[in-house]
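Before any comments, here is the structure.
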Amino acid sequence: MKKLLFLLIFLMTCGCEINYEERDVNDLIFGETSSDAHADDFPKYHDDNPVILSLYIDNDAGGLDKVGSEYSKLWQLKKDIVVFGSVFSEEDVIKPDYFQNIWKSNASKYTDYQKYKTGWHISFDLLDGTQIDRTILCPSDVSDFYDYLEIYLYDSANVPIGVWYSHLTMDDMTENTILTSMKLTAGSKFHEIDGKIIVSVFTYDTEDDFDENGKYRGNSVYTVEVYNK
């Protein structure tokens, strides 16, 4: 019987980076099956997620500018590199407004938009050849590479307008939390990164949006390569 690592977390609640244990491959999605069941008897993954999203940064006018496929800035020790905000939009420029209003007005264009959760993916290489590759679904998913890259997550959609707020902790996470925004800060060993960080944001609604290795496999994703200038 084929074995693989089985998805354990509850992706429809707050969730964290995907944990696994060995289990029959056919049990992953379809429940208990007999040992002689053939994989071809089961439907393949079908992505019906309609959400189109992009990453944005603040502009001087008080609105948002869409970030292209590449973003460059000089990295400095313990200084912020960039704050990305994700919006269900592909407009190049979004007119000035509070982020809460921007986020909801764009998200509400989709039926049942509340069912879609937002996740992130980070990858970068160290100069010694070590590869860092992480799916990020909650604050605890970013701790093991903190010395190189500090990542802070925010729910900028649900905070009251005009109220100061900080980055999310695990105590803040609920089933309604939306990881709208991510801040990248150069860690104490940032100089050991090879000069490029790949950042992706994506939306998902069920665990089948992730493959057996915990990687997002849907189409509702936007990716930016962040370079050290």
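The values are calculated or read from the model by the stated rules, or taken from the named source; none is laboratory data. These numbers come from a predicted model, not from an experiment. For neighbour counting, all protein chains shown are included, and Cβ atoms are generated from backbone atoms with ideal geometry for every residue, glycine included. With ligands, DNA and RNA removed, areas are computed over all heavy atoms of the protein, side chains included. Shrake-Rupley method; radii C 1.70, N 1.55, O 1.52, S 1.80 Å.
For residue 75, the residues 5 or more places off, or on other chains, whose built amide H falls under 5 Å of its own are 229. For residue 191, the accessible surface of its heavy atoms amounts to roughly 110 Å² (probe 1.4 Å, protein chains only, rounded to the nearest 10). Counting only heavy atoms of the protein chains and using a 1.4 Å probe, residue 83 has close to 70 Å² of accessible surface.
So if I take the alpha carbon set of the range 61-104, get Rg, then get Rh from the Kirkwood formula, what is the Rg over Rh ratio? Can you show the working numbers first?
On the way: Rg = 12.4 Å, Rh = 12.2 Å.
Reported Rg/Rh (Cα atoms, Kirkwood Rh): 1.02.
Ranked by solvent-accessible area (1.4 Å probe, protein heavy atoms only, all chains present), the residues 150, 212, 90 order from largest to smallest as 90, 212, 150.
Counting heavy atoms of the protein chains alone, residue 222 has an accessible area of about 40 Å² for a 1.4 Å probe. Take the cross-link list 66/215; 73/196; 117/215; 78/229; 79/189 and give me the ones stretching past 19 Å between alpha-carbons. As for pairs spanning more than 19 Å Cα to Cα, those are 66/215. Under 5 Å from the amide H of residue 81 lie the amide H atoms of 184, 185, 186, each residue being 5 or more positions distant or on a separate chain, with H modelled from the backbone and absent for Pro and chain starts. Taken over the range 104-229, the ratio of Cα radius of gyration to 2.2 N^0.38 Å equals 1.12.
Spin-label model, residue 176 to residue 78: label points 7 Å out along the Cα-to-beta-carbon direction sit 3.7 nm apart.
Working with all protein chains in place, sort 70, 225 by solvent-accessible area computed with a 1.4 Å probe, largest first. Walk me through the intermediate numbers first.
Values: 70 115, 225 50 Å².
So, going from the largest accessible area down, we get 70, 225.
Translational diffusion coefficient of the range 78-135 (Stokes-Einstein, Kirkwood radius from Cα pairs, 37 °C, 0.692 mPa s): 225 µm²/s.
How many Å² of accessible area per residue for the range 47-131, probe 1.4 Å?
Details: 4680 Å² over 85 residues.
Dividing the accessible area of the range 47-131 by its residue count gives 55 Å².
When the residues 44, 117, 109, 183 are ordered by accessible surface, computed with a 1.4 Å probe over the protein chains alone, the sequence from largest down reads 44, 109, 183, 117.
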